[in-house]
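These notes concern the structure reproduced below.
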């Protein structure tokens, strides 16, 4: 049976002391796992990362999800301008290459997770050495 990375509340609080102030419980971490698993696999070896780095990614994904759930008003991006009278604020969007990166860039935990996920190279399709992509010299490629 494959080894599963399950965030534990004591370790989580050590890694993210700023989130420890939210008085999270193990149940909160467990409830965040379905969303966190949509960011990174929690099955050791399923993706091409060392176990320590994959574990850090799972914890970061969990922190990202919990931060968004507990602080929905703090995900606007980097503040570029603000005025007091009439209350307005300007935010600079983070440059991203995909919808996944945009979603993760909404928190500092997600930004760090993007760096880990960028280390993973998906398998490339196998290409034949024949210069003719669909035909061989004798007809259709087999």
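All of the numbers you see were taken from the coordinates with simple rules; none came from a lab. Remember, it's a predicted structure, so these values are computed and weren't measured experimentally. A quick note on method: Cβ atoms are made from the backbone with ideal geometry, for glycine too, and the neighbour counts reach across all protein chains shown.
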| How much FRET efficiency would the formula 1/(1 + (r/R0)^6) give for residue 50 and residue 80, where r is the Cβ-Cβ distance and R0 is 35 Å, rounded to 0.05? | 0.40
| request: Quick one: order 73, 31 by neighbouring beta-carbon count within 10 Å, fewest to most. | output: 73, 31
| Förster radius 30 Å - calculated FRET efficiency between residue 118 and residue 13, Cβ distance, rounded to 0.05 | 0.65
| Order of 65, 87, 44 from fewest to most other C-beta atoms within 10 Å? | 87, 44, 65
| Estimated inter-spin distance, residue 27 and residue 99, nm [label 7 Å along Cα→Cβ] | 3.3
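Send over the Kirkwood Rh of region 9-121, from the inverse of the averaged 1/r over different Cα pairs, rounded to one decimal Å.
Evaluated over region 9-121, this radius sits at 15.2 Å.
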| note | Expected sort for 38, 105 with the fewest Cβ neighbours (10 Å cutoff) up front is 38, 105
